[in-house]
Each structure stands twice: as C-alpha cells, then as structure tokens.
Amino acid sequence: VIAPPPGAWLLPGLVDLHAHLREPGQESKEDIRSGLGAAAAGGFTDVCAMPNTVPVNDSRMVTEAMLARAHDVGGPRLHPIGAITMGQRGEALTEMGDLREAGAVAVSDDGRCVTSSSVMRRALEYASVFDMPVIQHAEDHALTEGSQMHEGSVSTKLGLRGWPRVAEDIIVARDLMLAEYTGARYHVAHASTEGTVRLLREAKSRGLRVSAEVTPHHLLLTHEAVGLYDTACKVNPPLREEHDVQALREGLADGTIDAVATDHAPHGILDKHCEFAEAKPGMIGLELCLPLLLGLVEQGALPLNRLVESLTHAPSSIARLPDKRIREGARADLVLIDPEERWTIEASRLRSKSKNTPFMGRNVKGRVKMTLVAGNIVFNGGS
Ligand code: NCD
C-alpha cells in the first residue's frame, strides 16, 4: 500500500522520443539496463532508442537483440529507432520493412544528418510505406565542419569554430518541402533555432504532417553557459541564444513544437575531461527532464498542461504507441510526482552510468516518487 505525499500529482507515464542507450557497443557509458533504470527514475514508461550504437541499428538483428535485452531487464518499454541508411552513412537505405516488423517505431540517422536531398526523398517515401516517421538531425555538414559550439559572440571570444543556426534552418526548410512533396511523416529532432520554429509554424499552418521535439537543455541554457570551455555544455545541436530559447519556449507552449525529448547522451569522464575540441557532444537527460521543466512551469514560462502533453500524449502519438491518456480501463502507465520536494542534482543520486550534465549542483523542485509500467512498479522513491 502506498501513501502518496499530500498534494502529489499522478500523471500518465512519460515517453522519451530520443535517447541514446549505447547498447550495443558502448556499455561503459550506458547500457539498456542502466538506461531503462534511469528512465524509470525519471518517470518514463517508454523510451525510444536512437540507432547510433556500435554496430549501428540498421538491421532486424540489432533491433531484435535490443528488444530481447530490454525484455530481460524489465521496467520501462524500449522502442528501437532504426537507421535511415546502412551504417548511418552513404546512399543505401536500410530495409525499413524489416526494421518495422522487428519492432522499430521510426527511422533516424541521428548524430549524422541526411544531407543528400535524393537520399532524404527516398527515405521519406520508403518510410511512409510502413507509416514510420523519419526523424531528422538537421545539420548541413558543409556549414558545420569542425565547429565546436554555436556561432556567435561566445565562440568568437573563446576562439572556437562556430556552428551557425542557418545550418539547421536550411535542412529543416528543405526537408519540409520534401515532406510536402512526398506526403510522408517528418519529425525534427532537437529543434534549436528560432528559424526552425518559424518554418515549422508555417508548415503546420498549411496542414503538413510534420512534428518536432525540443530538449530541456535547449529550453533552459544559452551559449553563455559554455563559460570558459565547459565541456559539459558541448552538445549537438549547440546551445543557442536568448531569442532562440524564447522562440523554442513559445513554440512548445503553442504546440508548434509537439514534444519534449531528452536526447539523453551519456559519455564517460574522459570523453568530457579533455580539451573542448576533443570532448564528445551530449548530456544526460532522463532523470533531470521533469524536475528541470517543472521549474519552467513554476516561472510561468510553460503551461503545465503543455508540459504534460509534450512528454506523454504527443510523443506517444508520433511513435504510434498506445494512447497515454488516463482513462477507465487503460493500463496503468503512471508516474507519481511530489511537485513540492526540493532536491539537488548530484552524481550520487543519478542512476545513469554517466554523469555528464551541466545541471550538476542545481537545486530543483519536483521529484518522481513512483513509476508504474502496465501496473507494475518499476521505480519506487529510490528503493
Ligand atoms: C549524440 C550522442 O552522443 O549520441 N550527441 C549529442 O550531442 N546530441 C549524437 C549527436 O547528435 O551528435
């Protein structure tokens, strides 16, 4: 019998459209067991796993192996995302029908943008046969070669090569045209620029079947956070400027951006304790997403109903998972939250194998107390 804290909230279980669980291949950073454990502690009942594993998830075999592993581990459900191209490079598309049949919910080359228009067109057409969204990491590599952070005053001050926001906008603009042309389902991963929000708003106003996600870090931090070469803030796409953050918040609030996704990207200590130029991009997110964003709600920058929808119903409908809305007879995929509990983000409190986050030491309010997947308790207040 559970006695929830007075004033606790019961919400539908959270769905993450974008996590890197590193298994197979980089289990020292994270594996399916630790990743799903972190997800449960963060209130997630469903986690979509990006394919930039080693080997890349470009086959039925890898998809099935991941699902078998998740089944053995138990806890939150894992939903593999297959690669768009074999090995996430080149022109050869994956066998998307096989990936779908094996259990993949979408295709993406995340970590590597599909820059060829003809490959993207074929990918959209092929994925639409299986009703899978194509999730694009929008980055024109010709414009980001060697770049380390957002191109702006901070990159100039630090002498680091900049990643201009137009490198994202160009690909989003092209892809929206291709999505319209093919009629396929297209999803923008980790939107980071004001331009992306504007392009999406226009596309949606014309009824295109497109969707987008934003990460907590792009909603909360700007390039100023990089300070004096803080590698914890190195991430793809990079942290942008105040007006981008404002546009992303507005886009999320008005539904132009459908979902919040963590882009949970675990990296080892040595991947971050090095020169900025050598550091791996990415930060963990599964256990921090909800408390960090409850802070935005408290500030009045995000309506609570949009936060809940963007972490539950919106991502589940993009990945075509069962409806997350709480109703009579539905399976109990739930998260219990104490919205008043204050705590400090510390490495010892995090279940993820990796601790790379710029939010370390931050005081937050709101704590996941319990997570249930199909009626089973998969996280219980840390015990
Ligand atoms: C991602 C990772 O580590 O897998 N990192 C990140 O900064 N988002 C891959 C990537 O998008 O580069």
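GNM on the chain, C-alpha springs below 10 Å: top fluctuator among P51, P339, P216?
Of the options given, P339 has the highest mean-square fluctuation.
With a 1.4 Å probe and all protein chains kept in place, how much accessible area does F379 have, in Å² rounded to the nearest 10?
In the full protein context, F379 sits at about 20 Å².
Please figure out what share of the DSSP beta bridges in the chain is antiparallel and state it in percent, rounded to the nearest 5.
40 percent
So how do 98-105, 64-71, 346-353 stack up, highest first, on mean other-Cβ count within 10 Å?
98-105, 64-71, 346-353
If N is the number of residues in the chain, what value comes out of its Cα radius of gyration divided by 2.2 N^0.38 Å?
Working it through for the chain, the quotient is 0.91.
At 1.4 Å probe size, with the rest of the protein present, what percent of the exposed accessible area of the chain is carbon and sulfur atoms?
52 percent
Roughly what % of Cα-Cα distances in the range 29-87 sit above 12 Å, to the whole percent?
In whole percent, the share of Cα-Cα pairs in the range 29-87 beyond 12 Å is 64.
Report the residue, chosen from P24, P133, P322, that carries the largest GNM mean-square fluctuation when the chain is represented by alpha-carbon nodes joined by springs under 10 Å.
P322
Which links in K234/K365; K29/K234; K234/K353; K204/K369 stretch past 28 Å when you go from one Cα to the other?
Checking Cα-Cα distances, K204/K369 exceed 28 Å.
Quick query: amide H of K369 versus all other amide H atoms, modeled in the peptide plane; which residues come in under 5 Å with a sequence gap of 5 or more or a different chain?
Close amide H contacts, sequence-distant or interchain: L336, I337, D338.
Among DSSP beta bridges lying fully in the range 1-152, give the percent that are antiparallel, nearest 5.
For the range 1-152, the DSSP antiparallel bridge percentage is about 10.
Please calculate how many Å² of accessible area the range 323-383 carries per residue, with a 1.4 Å probe and no DNA, RNA or ligand atoms counted.
Result: 54 Å² per residue.
Tell me, what is the 1.4 Å probe accessible area of V308, in Å² to the nearest 10?
Surface open to solvent at V308 totals about 30 Å².
Using the Karplus curve 6.51 cos²θ - 1.76 cosθ + 1.60 with θ = phi - 60°, work out ³J(HN,Hα) for each residue of the range 325-334 in order, rounded to whole Hz, and write x for Gly and Pro.
Using θ = phi - 60°, the values come out as 5, 6, 7, 3, x, 6, 6, 7, 9, 9 Hz.
Once phi is turned into θ = phi - 60°, what whole-Hz ³J(HN,Hα) does the Karplus curve with 6.51, -1.76 and 1.60 give for every residue of the range 352-369, x standing for Gly and Pro?
Per-residue couplings from phi come out as 4, 5, 9, 10, 6, 8, x, 8, 4, x, 6, 8, 10, 10, x, 9, 6, 9 Hz.
For the range 172-249, what is one quarter of the convex hull surface built on the Cα atoms, given in nm²?
The number I arrive at for the range 172-249 is 5.1 nm².
Could you go through the range 341-346 in sequence order and give the Karplus-derived ³J(HN,Hα) for each residue, using 6.51 cos²θ - 1.76 cosθ + 1.60 with θ = phi - 60°, rounded to whole Hz, and x for Gly and Pro?
Running phi through 6.51 cos²θ - 1.76 cosθ + 1.60 with θ = phi - 60° gives 5, 9, 8, 10, 6, 9 Hz.
So which GluC sites (Glu not before Pro) in the range 192-278 pass both tests, a DSSP loop state and at most 15 other Cβ atoms within 10 Å of the Cβ?
E275
The values are calculated or read from the model by the stated rules, or taken from the named source; none is laboratory data. None of the values given here were measured: they were computed from a predicted structure. Please note: Cβ atoms are built from the backbone with ideal geometry, for glycine as well, and neighbour counts cover all protein chains shown. When the accessible area is computed, the model is the full protein with side chains, heavy atoms only, and any ligands, DNA or RNA have been set aside. Shrake-Rupley method; radii C 1.70, N 1.55, O 1.52, S 1.80 Å.
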